[in-house]
Amino acid sequence: MADSMKIQGPVEVKDNSAERVAYDLMLVIANRENPAMGNECQARKNSSRLYYLNLYAECISTVKYQQI
């Protein structure tokens with residue numbers, strides 16, 4: 001796995017792209033599942049990155065009609 005990543009040029013996410021739709025879907029689901037994310041225990045806060053990465057992977061897969 002790479003230790004660093006470079007992005008050259010602007011990153012553009014269009015409103016109707018699959019990535020944007022998946023991101024918006026992820027936010028809706030996360031807000032329903034975790035309405036009080038800021039008040040949770042430290043262990044849950046530490047695992048929140050993995051939660052969001054997995055949730056986004058599921059959302060992008062769904063938007064692009066792929067099975068995970």
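The values are calculated or read from the model by the stated rules, or taken from the named source; none is laboratory data. The shown structure was predicted, so the numbers you read here are calculated from the model rather than taken from an experiment. All Cβ positions, glycine included, derive from the backbone under ideal geometry; neighbour counts span all protein chains shown.
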Pick from region 33-68, criterion surrounded by 11 or more Cβ atoms within 10 Å (Cβ to Cβ) and either touching a Ser or Thr at 6+ places or on another chain (Cβ under 6 Å) or not in a helix (DSSP H, G or I) (or both), ranking: modelled with the lowest pLDDT
40
May I ask you to verify whether residue 28 is assigned to a helix (DSSP H, G or I), at pLDDT 85 or above and exposed (fewer than 13 other Cβ atoms within 10 Å of the Cβ)?
yes
